[in-house]
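Here's the structure, in structure tokens; my notes come after.
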Amino acid sequence: MAETQFDSKVLSILEDKIQLIQTAKGAIYLVGPIRLPVNLYGETVEFKWYCWLNCDEVTENFVRIIDKLSAVNLAEFQQSSVLTYGDFEYGDDAIIRMHSICHTGDIFGSKRCDCGFQLKQSMKMIVEYGTGALFYLANHEGRGIGLFSKAMAYILQENGYDTVEANQALGFVDDSRNYSDAIQVLKALRKKTVTLITNNPKKLDALNNSGLSVSGREPLWGDVSEYNEKYLQTKIARSGHMSDEDPCCND
């Protein structure tokens, strides 16, 4: 396939917004920053948005990469992205959230989990902190099992299985999520210390083991209801989530 002849002005604009990050398996192409005004609890807050794409080919000839995209229906696949706020690159300290995509919670507002609440609340925490980033990780649905398998896991949960048991009954481990790509992007965007918003020690370990400077952790519990209380208790009892400031498991 011949390369598309892009207008030189279009190329100059895009080249200034694309960054190559080499990995052990190829490359991550990071595009951004892009101004993104967000409706956050009724107020408009302006973030900077980036999106990234994994590719086997490593090249700074971005025309080749762009040309390939016309032959691939990227809408059938998920790409991860990140919202930054404030002086994320150079600020002395920043707070970040590694948020796993949750189709049911983030989009539909499902009460079966706390994901939708955590997404909005972590964005609010970042804005209040003054500097930070939300990494939205697209290949993490259902702790890595995918949306269709998550739907089957939900059926098992409606028949007495907890979250961990349901995943395992379908042949999966409890949590197969990987944070290496997000960490590579974080390192490309920021060199200074970060504080992590999480209840999950695996996320904290992933950042610490990568050599990143992590100054602390902020817990994120809330939106407890009759629909997700067992789910939240299972996070602590079976998946090792840290229960400090947890409203559902102190009785």
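Evaluating E46 against the criteria (1) outside any loop (DSSP other than H, G, I, E, B); (2) modelled with pLDDT under 90 leaves one unmet condition, (2). Being farther than 20 Å from Q118 by Cα and surrounded by fewer than 17 Cβ atoms within 10 Å (Cβ to Cβ), is that true of even one residue in region 215-236? Among the residues of region 215-236, at least one is farther than 20 Å from Q118 by Cα and surrounded by fewer than 17 Cβ atoms within 10 Å (Cβ to Cβ), which makes the answer yes. Given the structure, is R97 surrounded by 13 or more Cβ atoms within 10 Å (Cβ to Cβ), basic (K, R) and closer than 29 Å to K192 by Cβ? Judged against the criteria, R97 is a match. Considering only region 64-95, state which residues are without any contact (Cβ under 8 Å) to a residue 24 or more places away in the chain and in a loop (DSSP other than H, G, I, E, B). Within region 64-95, V72, N73, F77 meet the criteria. In region 122-142, the condition of being among the polar types (S, T, N, Q) and either under 16 Å from the mean Cα position of the chain (by Cα) or on the phi > 0 side of the Ramachandran plot (or both) is met by at least one residue. Quick check: anything in region 55-63 in a helix (DSSP H, G or I) and touching a residue at least 24 places away in the same chain (Cβ under 8 Å)? Checked against the condition, which is being in a helix (DSSP H, G or I) and touching a residue at least 24 places away in the same chain (Cβ under 8 Å), region 55-63 yields at least one hit.
Contact annotation: residue pairs with Cβ atoms under 9 Å, 6 or more positions apart or on different chains, pairing a residue in region 185-209 that is part of a loop (DSSP other than H, G, I, E, B) and among the charged types (D, E, K, R) with a partner that is buried (at least 21 other Cβ atoms within 10 Å of the Cβ) and modelled with pLDDT of 95 or more, are R190/T84; R190/F88; R190/A94; R190/I96; R190/A133; K192/A94.
Residues that are of a type in the set (G, A, S), touching a helix residue (DSSP H, G or I) at 6+ places or on another chain (Cβ under 9 Å), modelled with pLDDT of 90 or more and not in a strand (DSSP E or B) within region 96-142 comprise G105, G116, listed in sequence order. Among the residues that make up region 121-137, is at least one of them of a type in the set (S, T, Y) and surrounded by fewer than 19 Cβ atoms within 10 Å (Cβ to Cβ)? Yes: region 121-137 contains one or more residues that are of a type in the set (S, T, Y) and surrounded by fewer than 19 Cβ atoms within 10 Å (Cβ to Cβ). Pairs linking a residue in region 228-243 that is modelled with pLDDT of 70 or more to a residue that is surrounded by 17 or more Cβ atoms within 10 Å (Cβ to Cβ) and in a helix (DSSP H, G or I), with Cβ atoms under 6 Å and 6 or more positions apart or on different chains, are T234/T163; H241/K235. Scanning region 19-43 for residues that are of a type in the set (G, A, S) and part of a loop (DSSP other than H, G, I, E, B) gives A24, G42. Residue selection: I145 fails the criterion of being buried (at least 18 other Cβ atoms within 10 Å of the Cβ) and over 27 Å from E226 (Cα atoms). As for region 160-170, it holds no residue that is closer than 30 Å to Y90 by Cβ and either within 15 Å of the chain's Cα centre (by Cα) or surrounded by 16 or more Cβ atoms within 10 Å (Cβ to Cβ) (or both).
The values are calculated or read from the model by the stated rules, or taken from the named source; none is laboratory data. The structure displayed is predicted, hence computed values, not measured ones. Don't worry about glycine lacking a Cβ; one is built from the backbone with ideal geometry, like all the others, and counts go over all protein chains shown.
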